[in-house]
Each structure stands twice: as C-alpha cells, then as structure tokens.
Amino acid sequence: MPVQTKICGLTTPETIDAAIKGGASHIGFNFFPPSPRSIGFARARELAVRVPDHVRRVGVFVDPCNALIDQALEAGQLDVIQVHKTSPGRAAAIRLHARRETWSALGIRTAHDLKAAFSYQDAVDFLLYDAAQPDDAALPGGMGIRFDWSLLAGFDHPLPWGLAGGLTAANAAEAVGATGASLVDVSSGVESAPGIKDVDKIAAFLKATASL
C-alpha cells in the first residue's frame, strides 16, 4: 500500500490546490492560535470547500475544549481530530464527543517516551510520532526537529501510526525506509518561512513520497 501523506498547516487556496494536485491523502488545518499556521473559522470554511472528498481534512489542536472542536468541525468539514499535549482520558472524551477518527501526537526524544503509546490504545485511533520539543517551546510541533528514527526499530506499536518531525523531500524516503511508516506528516519541511508554505516544496515532497 502506498505511503499516505499529510501536508499540515495549510493556510491559502494555492497551497491547498498544490497539495491536492500532488496527491496528498490528508491536509491539516491548524486551530492553535499561537502557531503561525493557525487559521480562523472563516478561512477554514474558505479552504475546506476546495478539498475533494477523497482527501481527508484533519483539524490540529492542542488540548482543546469542546466548544473549539465543535466550531472547527463545522467550519473545516473535518474528518479527523488530531490532538497534541492531551491526556489519554481527554483524548478519549474528545473522540466520543466529536464522533470522528482521533489521532494523538506523541513527542519522542528517547525510547522511554514510546511507552506512552500504550496508554492511548483505547483512547484514539491513530498515533503520530513526532519529535519532542524543548520544554520551553512555544509550539508542540512544526519546528523542523526530527528524532532518532532507529528508536522505532522493533517497537510493538499498539495502534496504527505515522511519522512527523523534521521531514523534507530530501529525507522522506530514508524516513520511510528506516521506520516502515504508513503515513508521513510534513509542515515546516515544505515552508519558505515559518507558516509560509511553498507550492514547489509541497510538490517536491509529494513527488518524493509518491513511489514509496
């Protein structure tokens, strides 16, 4: 089965169109205001209508309240909820409330961090292994940091999973080869500046993953 690709943090019609043209399986709308990739509900509505049904719309949140989720679900026509810094109990409650496929991002720095995956086994549908950010980081992801992919070697994953963190067109094939990831998620790796997606970099990333 081909590797699935998520282009995250899209904010303009041009970049939405580039992701779709390149064959992305998922696009990400960021609803975390401190992020330079965050969009409001009006922009989410504008962008969501450009996304065909075969491409899944993922809403990205940081420990959100139900009111935010409800507004984002409607505005972004979301198929998937992706949460960061959200406990297993809260993630399970979000999945029940939203009635959508729910992903949890896990920050990985050492092998010990992988143990947290098992606590989400009955809470979410999918895990996204991302690089752990510094403790004082303002954002939970999208910083272009990668973790040691060899940590995933031989790991008995409790759920379907994908890979994020520091991915680019230049290293996507290496990442998939090293980890066996079925989905790769890119944000800063297809940007010309924080929050500014580059249509040529989006095209290059999707070309690099198309044959994996």
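The values are calculated or read from the model by the stated rules, or taken from the named source; none is laboratory data. Worth saying up front: this structure is predicted, and the values here are computed from it rather than measured. Please note: Cβ atoms are built from the backbone with ideal geometry, for glycine as well, and neighbour counts cover all protein chains shown.
Of all the listed residues (87, 35), the sole one being out of contact with any His (no Cβ under 8 Å at 6 or more places or on another chain), under 22 Å from residue 162 (Cα atoms) and surrounded by 17 or more Cβ atoms within 10 Å (Cβ to Cβ) is 35. Of the residues in the stretch 38-61, at least one is within 16 Å of the chain's Cα centre (by Cα) and aromatic (Phe, Trp, Tyr). Residues in the stretch 144-166: is at least one within 24 Å of residue 56 (Cα to Cα), touching a residue at least 12 places away in the same chain (Cβ under 8 Å) and of a type in the set (Ser, Thr, Tyr)? Looking for residues that are within 24 Å of residue 56 (Cα to Cα), touching a residue at least 12 places away in the same chain (Cβ under 8 Å) and of a type in the set (Ser, Thr, Tyr), one finds none in the stretch 144-166, hence no. Among residues of the stretch 124-147 being in a loop (DSSP other than H, G, I, E, B) and within 18 Å of residue 175 (Cβ to Cβ), the one that is modelled with the lowest pLDDT is 141. Among the numbered conditions (1) surrounded by 15 or more Cβ atoms within 10 Å (Cβ to Cβ); (2) under 29 Å from residue 89 (Cα atoms), the only one that residue 154 does not meet is (1). Scanning the stretch 91-107 for residues that are in contact with a helix residue (DSSP H, G or I) (Cβ under 6 Å, 6 or more places away or on another chain) and under 16 Å from residue 121 (Cβ atoms) yields 102, 104, 106. Against the list (1) under 15 Å from residue 23 (Cβ atoms); (2) free of Cβ contacts under 8 Å to residues at least 40 places away in the same chain; (3) touching a Pro at 6+ places or on another chain (Cβ under 9 Å), the condition residue 209 fails is (2).
Among the residues of the stretch 176-200, write down those that are surrounded by 20 or more Cβ atoms within 10 Å (Cβ to Cβ) and not in a strand (DSSP E or B).
Correct list: 176, 181, 187, 188, 189, 190.
Across the stretch 77-93, not a single residue is classified as more than 25 Å from residue 148 (Cα to Cα), among the hydroxyl-bearing types (Ser, Thr, Tyr) and at pLDDT 95 or above.
Taken together, 11, 15 contain a single residue that is over 18 Å from residue 101 (Cα atoms) and touching an Asp or Glu at 6+ places or on another chain (Cβ under 9 Å), which is 15.
State which residue pairs qualify: first residue part of a loop (DSSP other than H, G, I, E, B) and surrounded by fewer than 22 Cβ atoms within 10 Å (Cβ to Cβ) and inside the stretch 5-29, second residue among the β-branched types (Val, Ile, Thr) and at pLDDT 95 or above in any location, beta carbons under 7 Å apart, and separation of 6 or more residues or different chains. Taking only residues 6 or more apart or on different chains, the pairs are 11/39; 25/5; 25/55.
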